[in-house]
Amino acid sequence: MSTGKCALCSKTCADLLVCARCKVENYCSKKCQASAWRNGHKRTCLPKDTIAALETLSRLFDAEDWLQMVEHETRWSEVATAITDTRPTQSMFVYHALGIAFQSLQRYAQALKCFVLHLEIAKKIGNRSQEGRASCNLGIIHHHLGNFGKAIECQKLRLVIAMEENDEAAMSRAYCNLGCTYDLIGDHFKAVRFHKLDLGIQQKIGNVLGESSACGNIGNATHALGDFESALEWHKKHMAFATGLGDARGECSASGNIGMVLESSGQFREAHAHYQKQLVLAKHINDRDLQARACANLSTCHIHMHKFEEALGFIRRQQDLALDMQVPHMKTDADMNLGVTLAFQASCLLAAPHELETPAPELRAKIEEALGWLDVAFDGGQWFAKLHSAQLLFAAGDRDAAVRDLKCIMSIMVKCSHVCCSGCGQKRGENKPMLTCGGCRVARFCSVSHQKMASRKFSSGGSVATGRHSDMCAILGQWRDVLKNDKPLDSCDAEILAFLAKRNKHATRELTPRESPREP
């Protein structure tokens with residue numbers, strides 16, 4: 001008992017009764033306590049340890065102590081489950097806070113579960129503002145996990161709710177997130193449009209940090225459209241903003257983006273310097289996602305410079321990061337890069353002069369390792385792994401297996417290329433209008449610039465994974481004719497072998513530098 005006012009009738013009393021559960025509310029009599037229980041305290045009463053747990057979580061969230069938060073995830077989840085019916089707002093806060101913590105630690109699978117629960121409660125109680133907030137966070141996680149259709153769906157819901165509430169800051173975030181996702185699925189014109197809408201709002205409300213980020217996003221989409229000069233200007237604007245603001249994360253992103261534009265232009269040594277800066281900054285801010293991207297960028301840059309051992313080191317680091325973050329598509333990309341790089345190495349060894357030949361057991365082990373990783377990548381959805389395995393098998397003398405693998409990738413292309421751009425490699429969907437190659441009648445492209453992109457030389461920044469479409473166009477058209485007209489499947493084997501022989505000769509010339517590249 002204690003002295004004070006009754007929580008129901010406000011009568012001052014020297015011998016107040018204290019609620020045995022929450023240890024917070026006081027009453028002058030059992031009658032007042034019973035009335036208060038019936039009138040609502042039953043729904044809001046929380047045990048004292050639950051109140052303490054919520055206060056601790058709030059304090060950790062404000063301090064951005066993500067590790068402490070996830071360490072006691074089970075406790076917070078138990079609290080949220082217990083109070084969902086009586087305190088839905090606080091329950092939503094628990095799931096939101098945990099989701100943000102897992103997201104900040106790049107533990108996206110756990111973050112997804114938290115934001116789904118946040119959204120379910122918001123919908124159940126009809127809280128549109130919280131529904132929009134949870135949808136935005138869910139969209140970001142789906143984007144990281146490669147679930148781009150779901151990411152767009154979530155961000156469109158966020159945009160609708162933001163417009164209902166006339167919330168310009170939320171509208172800006174939705175525009176930004178939609179632009180980033182559309183960029184990744186190859187709809188770059190739409191990406192530019194959304195990012196410019198974001199930029200307009202950021203300028204209107206005077207958010208310089210948001211304006212900086214929007215410049216970088218526009219640069220990415222413009223780069224994808226093949227306008228390297230404009231892309232470089234946008235990224236330089238981003239870098240200038242980030243440097244002026246002391247924004248290390250922005251500088252990190254801008255460095256990587258400038259590097260990618262330079263690499264696409266064939267300026268590999270200049271790109272290398274920017275990628276190195278990106279990796280240093282990513283480590284400084286302890287962002288594993290940006291570290292993985294920097295490692296991927298450095299690996300492809302080293303491949304273009306014929307420095308395969310250095311490339312392999314960065315690829316294996318990318319694999320480790322992808323596994324640690326539980327991001328399947330990033331792991332598959334790393335598997336593909338590893339298989340391709342090992343295949344390039346093996347091809348160079350096979351083409352080496354007699355006096356430089358690698359001992360047969362060592363060479364066979366290198367070939368088998370390359371083929372193994374290419375199989376892993378293919379199983380993960382990387383179609384063009386079969387193109388590289390076909391080329392390596394041909395170089396190693398296994399012509400039957402080489403023909404088999406090339407037919408495999410060409411059959412997939414004939415069946416599925418109508419939904420995937422052969423320039424940027426992104427899936428576009430069944431009903432998206434795309435350009436069709438007039439030669440093979442198989443390959444599709446997002447735009448004319450992507451059609452040109454698909455046939456860029458390796459030495460000029462062309463794709464490491466897919467090679468040049470112009471080299472494959474004729475044989476792909478022949479294989480399409482075989483499948484469409486039910487011709488014997490071996491009717492163009494001679495042409496396939498001729499294609500592989502030509503590609504092998506061309507690849508050997510491309511991958512074997514005439515002089516050792518100087519250190520960047």
Per the rule of 0.36 nm per residue minus the C-alpha distance, extending L209 to N39 adds in nm 56.3 nm
Convex hull around the C-alpha positions of segment 72-132: the volume in Å³ per residue is 68 Å³
Computed over the chain: longest principal axis from alpha-carbon atoms vs helix 88-104 long axis, angle to nearest 10 degrees, is 30 degrees
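Under 15 Å from the Cβ of H144, count the other residues' Cβ atoms, weight Lys and Arg +1, Asp and Glu -1, and hand me the total.
Values: positive: R107, K113, K150, R288, R293, K331; negative: D183, D287, D289, D324, D333.
Overall, the nearby charge balance is +1.
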Between the modelled labels at I51 and K484 (7 Å from Cα along Cα→Cβ) the distance in nm is 7.5 nm
Computed on Cα atoms, the radius of gyration and Dmax of segment 165-257 in angstrom are 12.4, 39
Taking Cα atoms, the helix 493-511 axis meets the longest principal axis of the chain at an angle in degrees (rounded to 10) of 80 degrees
What the Cα atoms of segment 211-340 span along the principal axes, largest first and in whole Å, is 37, 30, 22
As straight-line cross-link partners of K366, the qualifying lysines (C-alpha separation under 28 Å, not fewer than 8 residues apart within one chain) are K307, K331, K386, K407, K457, K502, K505
What helix-only [θ] at 222 nm does the chain give? Using -39500 (n - 2.57) per DSSP H run of at least 4, over all residues, to the nearest 500, the answer is -23000 deg cm²/dmol
Convex hull around the C-alpha positions of segment 129-189: the volume in Å³ per residue is 64 Å³
Taking a crude spin-label model, label points 7 Å out from Cα along the C-beta direction, the L349 to K452 distance in nm is 4.0 nm
Here the Kirkwood hydrodynamic radius of the chain, Cα-based and in Å, equals 26.2 Å
Using the Kirkwood formula on alpha carbons, the hydrodynamic radius of segment 14-108 in angstrom works out to 14.7 Å
Note to self: Kirkwood Rh of segment 170-215, Cα pairs, one decimal, Å, is 10.1 Å
So, for the Cα atoms of segment 297-352, Rg and Dmax in Å stand at 11.7, 39
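Starting from the Cα-Cα distance between S129 and E270, subtract it from 0.36 nm times their residue separation and give me the gain in nm to one decimal. Walk me through the numbers before you get to the answer.
Values: separation 141, 0.36 × 141 = 50.76 nm, distance 4.63 nm.
Using 0.36 nm per residue and subtracting the Cα-Cα distance, I get 46.1 nm.
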With Cα coordinates, the longest principal axis of the chain makes an angle with the long axis of helix 108-125, in degrees rounded to 10, of 50 degrees
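Values in this text are rule-based calculations from the coordinates and carry no lab data. Here the structure is a predicted model, which means the values were calculated and not measured. So basically every Cβ, Gly included, is an ideal-geometry build from the backbone, and we count neighbours across all protein chains shown.
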